[in-house]
Amino acid sequence: MNSAPAVRFYDNHPGTASLRDEVLRGLALQPKMIPPKFFYDRRGSELFDAICGVPEYYPTRTEIALLQAHAKEIAALAGPECLLIELGSGASKKVRLLLETLQPSAYMGIDISKDFLLNSARQLAADYPWLEVHAACADFSHTLHLSYCPSHFRKLAFFPGSTIGNFEPDAAMTFLKQLRKILWPDGALLIGVDLKKDSAILHAAYNDAQGVTAEFNLNLLSRIQNELDTNLNPVSFSHQAFYNEDLGRIEMHLMSQYAQRVRVENCWFSFAAGETLHTESSYKYSVAEFHQLARRAGYQAEQVWTDTQQFFSIHYLRLTTPF
């Protein structure tokens, strides 16, 4: 019997305590908010994978098409024998579009959803037996640390899906600066960034007709219900997503259907009818705006690829200054 493919796994999962602490902290704020990283338990990761396939959600298919069209150019820029680091690896589907052309010496996937990460990494190791596969369960939005980071490899960080948009702009710059410490001196960053566009397209993408995004958003409450001591009932909330033109971002919220008091652990929180819990922001950038952000963080744009409709962009960034 063949044994399962070897995956070197590093468990830096923040655990339930982090969920409890951040839920209690977030519900005490005005307005109330919980970071989007807590979407991604196993069920949440599965639902996000389903979102990527709905007709209205253009980012995934557009980014995949760009990666397919420009994989050879990306490989030429990156050069051979690098350590490929995927941030928010999820199902590791997009990175497959790069592996054959890039031929990295090793791969490390980093994700906060442990079971989903392990399954994806094992499948990747089975499908690419020549590839040394590492997987780290970690909250890279909080503390960016690599359990496996040999100095003799050049590093290429791959950050797809426009996840950078989930950061507030100042926090995005801080994150990029922290990432530079790992990539220095001769590494690079390949990053997907969602572009500004007609608000109707954005609205449809986050309010799909099948209701998958709504289920994904509400699953955060199901996770809290399952993992913490609470009287919270997900049915008493509804999904709300809209484009905030002034801030240039999609906002996702969970709206209380009526006035209610919610207990989490030993703390009580009041919701007015129609009051919302802010669960995600997704900032959209023009190419010029993102390049300005990258420059402030110590990167220089070497190449950018966009689709013909100008929906999405992929940027290849080099480091310009030491950390």
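Just so it is clear, none of the values below were taken in a lab; they were calculated from the coordinates. Just so you know, these numbers come straight off a predicted model, no measurement behind them. Cβ coordinates were reconstructed from backbone atoms using ideal geometry, including for glycine residues, and neighbour counts include every protein chain displayed.
Residues 184, 305, 130, 268 in ascending order of nearby Cβ atoms (within 10 Å, fewest first): 130, 268, 184, 305. Inter-part distance, the range 149-182 to the range 64-128, computed on C-alpha centroids, equals 15 Å. Put simply, the amide H of residue 109, placed in the peptide plane, has neighbours under 5 Å in 86, 134, 135, 136, leaving out anything fewer than 5 places away on its chain.
Taking a straight line from the alpha carbon of residue 72, these aspartates and glutamates sit under 19 Å away, with near neighbours fewer than eight places off in the same chain left out: 63, 81, 86, 100, 302, 307.
For a paramagnetic label modelled at 7 Å from the Cα of residue 73 toward its Cβ, which residues of the range 158-195 fall within the zone defined by backbone nitrogen distances under 14 Å? Within reach of a label on residue 73, which here means backbone N under 14 Å from a point 7 Å along Cα→Cβ, the range 158-195 contributes 191. What does DSSP give for the range 164-323 in terms of the percent of beta bridges that are antiparallel, rounded to the nearest 5? Of those bridges, close to 95 percent are antiparallel. When each of 175, 269, 39, 158 is scored by the number of other beta-carbon atoms lying within 10 Å, the sequence from fewest to most is 269, 175, 39, 158. Indicate the gyration tensor shape class of the range 54-187 (rounded, prolate or oblate), computed on the Cα atoms with a ≥ b ≥ c the square roots of the eigenvalues: a/c under 1.5 is rounded; otherwise a/b larger than b/c is prolate and the rest oblate. It comes out rounded by the Cα gyration axes. Of all beta bridges that DSSP places with both ends in the chain, some 55 percent have antiparallel geometry.
Of 65, 35, 106, which is farthest towards the positive pole of the range 10-126's charge dipole, taken about the Cα centre with +1 and -1 on the beta-carbons of Lys, Arg and Asp, Glu respectively? Of 65, 35, 106, it is 35. If the segment from residue 105 to residue 127 were pulled out straight at 0.36 nm per residue, it would be longer than the present Cα-Cα gap by 6.4 nm.
Loop sites here are GluC sites (Glu not before Pro) outside DSSP states H, G, I, E and B with no more than 14 other Cβ atoms within 10 Å. The longest part of the chain free of them is 82-244.
For the range 1-63, the square roots of the Cα gyration tensor eigenvalues, ordered a ≥ b ≥ c, give a/c of at least 1.5 with a/b no greater than b/c, which places it in the oblate category. Under the convention that each Lys and Arg Cβ holds +1 and each Asp and Glu Cβ holds -1, the size of the dipole of the chain around its Cα centre is about 520 debye.
Between the range 266-314 and the range 193-220, what is the C-alpha centre distance in whole Å? Cα centroid of the range 266-314 versus Cα centroid of the range 193-220: 14 Å apart. Only Lys, Arg, Asp and Glu carry charge here, each on its Cβ (+1 for the first two, -1 for the last two); on that basis the range 1-118 has a dipole of about 200 debye about its Cα centre.
Shape call for the range 130-278 from the C-alpha gyration tensor, a ≥ b ≥ c root eigenvalues: rounded (a/c under 1.5), prolate (a/b greater than b/c) or oblate? Prolate, because a/c is 1.5 or more and a/b exceeds b/c.
Every pair of different Cα atoms in the chain enters the Kirkwood calculation, which places the hydrodynamic radius at 20.5 Å.
Could you pull out the pairs from 32/196; 177/197; 32/177; 37/177; 155/181; 114/177 whose alpha carbons sit more than 22 Å apart here? From the list (32/196; 177/197; 32/177; 37/177; 155/181; 114/177), the Cα-Cα distance tops 22 Å for 32/196; 177/197; 32/177; 114/177. Taking a Cβ cut-off of under 11 Å around residue 281, the surrounding Lys, Arg, Asp and Glu residues balance to a net charge of -1, with basic ones at +1 and acidic ones at -1.
Given R0 = 30 Å, the distance between the Cβ atoms of residue 174 and residue 227 translates into a calculated FRET efficiency of 0.60. Neighbours of residue 36, meaning other residues whose beta-carbon lies under 13 angstrom from its beta-carbon, give a summed charge of -3 when Lys and Arg score +1 and Asp and Glu score -1.
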